[in-house]
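See below for the structure under consideration.
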Protein chains: 2
Amino acid sequence: MIHISESDIKGFERFYRANLINSISGYKPAMLIGTANEKGLTNLAMFSSIVHLGADPALIGFIQRPLGQSGHTYYNIKETNCYTINHVHEGIVDQAHFTSARFAPEVSEFEACALTPAYISGFNAPFVKEAKVKMGLEFVEEMPIKRNNTILVIGQIKYILLQEGCLEVNGNINLQHAATVASSGLENYNLVRHFKSLPYAHADEIPKF
Amino acid sequence: MIHISESDIKGFERFYRANLINSISGYKPAMLIGTANEKGLTNLAMFSSIVHLGADPALIGFIQRPLGQSGHTYYNIKETNCYTINHVHEGIVDQAHFTSARFAPEVSEFEACALTPAYISGFNAPFVKEAKVKMGLEFVEEMPIKRNNTILVIGQIKYILLQEGCLEVNGNINLQHAATVASSGLENYNLVRHFKSLPYAHADEIPKF
């Protein structure tokens, strides 16, 4: 075993530490968050810090990094109260990744990265037309994490749009069918295949290991 | 496209809704959180709601479900201020999954599920000996999410233990080498293989799509 202590972590070169700590949280969702400002200028940004908070009400959180040179996603959500989360699939990984570049404020990442904004009636945030699994959310609450100036942004799912064939009879979305990718670390994209499903665990039905 | 509205979501049968909303957050880390109470009785529980919060300081969050019949992880963390997070790999998926059964309070999931508690000097929470990627954390802060009575629990990484061969020269943990799995939905475990790594995105170096 390799042992790394807190003082080792503090002493590591900045990018080495970023790689280590970003990869130790394991596989993460790779999602595009779509927003628009009050004037309708669209924004699209990659996030991997998406977390399921609960099914009823259907709540999803994401972590907004410290506001500074970036932060259009956050400011647009505060202006318009709505946003979309779109799964990155195998076919749009490159376009999705490069939305993370720092474009001029008047440039939409949709256009710069060859992705298409798409709208549904009654909802003002842009979906990614090319995505196969997408949701429209209403902003619920933000919780500042003072220790590192990040923000937990909480939204409630108002709309779900799924490509035909991705919804199983029990309500599960077939992520493999949707070619949804997993991210890891700061720059890695991964393909995923189903390994096993296990039944609800009852204490009196534990297998012999 | 299949369109699902908020009122559809509300109207779905409970397990159908749980499957849908748990799978729409995409691929998730599959992690075992190890704790002990003040008397040293160990607890081990599966979590997939793990989120990277920042690299410096190295902060990880997880979502504690509403406290009720379960919650030993949370109470142990509050008692002892420390816990471990251990990656689930391909070889321990079954044992890891069945830690979610509701065992009697005096039963340790380590023993019930044939996993081995392991300790390092100066740190009171049990690691999973069989895991290849593990971290020891100190409790930092909790943030109650009032909308659904969940809690964001924040910890700082104090120790990292890695199997030899899992650490790349740039600081990345090779999750494929570690056979770390991704979870999805409520009951699915997935194998992952590296697809592509993309460079830091600069606005003046966007590929032609």
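The values are calculated or read from the model by the stated rules, or taken from the named source; none is laboratory data. The model shown is predicted, which means the values in this text are computed figures rather than measured ones. Glycine gets a Cβ as well: all are built from the backbone with ideal geometry, and neighbour counts include every protein chain shown.
Summary table
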read-out	value
Subset tally (residues that are among the charged types (D, E, K, R), farther than 22 Å from residue A:122 by Cα and facing chain A (nearest Cβ under 7 Å)) for the range B:1-20	1
Condition met for residue A:190 (within 7 Å of another protein chain (Cβ to nearest Cβ) and modelled with pLDDT of 95 or more)	yes
Every pair of residues 6+ apart whose Cβ atoms lie under 9 Å, when the first sits in the range B:161-172 and is farther than 17 Å from residue B:84 by Cβ and at the interface with chain A (Cβ under 7 Å from one of its Cβ atoms) while the second is among the charged types (D, E, K, R) and assigned to a loop (DSSP other than H, G, I, E, B)	B:171/A:13; B:172/A:187
Residue B:120 being touching a residue at least 12 places away in the same chain (Cβ under 8 Å), surrounded by fewer than 21 Cβ atoms within 10 Å (Cβ to Cβ) and farther than 19 Å from residue B:154 by Cα	yes
All positions within the range B:75-111 that are over 15 Å from residue B:46 (Cα atoms), more than 11 Å from chain A (Cβ to nearest Cβ), assigned to a loop (DSSP other than H, G, I, E, B) and not acidic (Asp, Glu)	B:81, B:105
Test: residue in the range B:30-50 that is surrounded by fewer than 24 Cβ atoms within 10 Å (Cβ to Cβ), outside any loop (DSSP other than H, G, I, E, B) and at the interface with chain A (Cβ under 8 Å from one of its Cβ atoms)	yes
Failed item in (1) touching a residue at least 40 places away in the same chain (Cβ under 8 Å); (2) in contact with a Pro (Cβ under 8 Å, 6 or more places away or on another chain), with residue B:25 passing the rest	(1)
Residue that is nearest to residue A:206 (Cα to Cα), among those in the range B:112-153 that are among the β-branched types (Val, Ile, Thr) and assigned to a loop (DSSP other than H, G, I, E, B)	B:116
Selection status of residue B:72, buried (at least 16 other Cβ atoms within 10 Å of the Cβ) and more than 7 Å from chain A (Cβ to nearest Cβ)	yes
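Per-residue answers, yes or no, for (1) of a type in the set (A, V, I, L, M, F, W, C); (2) at pLDDT below 95; (3) touching a helix residue (DSSP H, G or I) at 6+ places or on another chain (Cβ under 7 Å):
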{"position": "A:6", "(1), (2), (3)": "no, no, no"}
{"position": "A:11", "(1), (2), (3)": "no, no, no"}
{"position": "A:16", "(1), (2), (3)": "no, no, no"}
{"position": "A:23", "(1), (2), (3)": "no, no, no"}
{"position": "A:29", "(1), (2), (3)": "no, no, no"}
{"position": "A:35", "(1), (2), (3)": "no, no, yes"}
{"position": "A:43", "(1), (2), (3)": "no, no, yes"}
{"position": "A:48", "(1), (2), (3)": "no, no, no"}
{"position": "A:53", "(1), (2), (3)": "yes, no, no"}
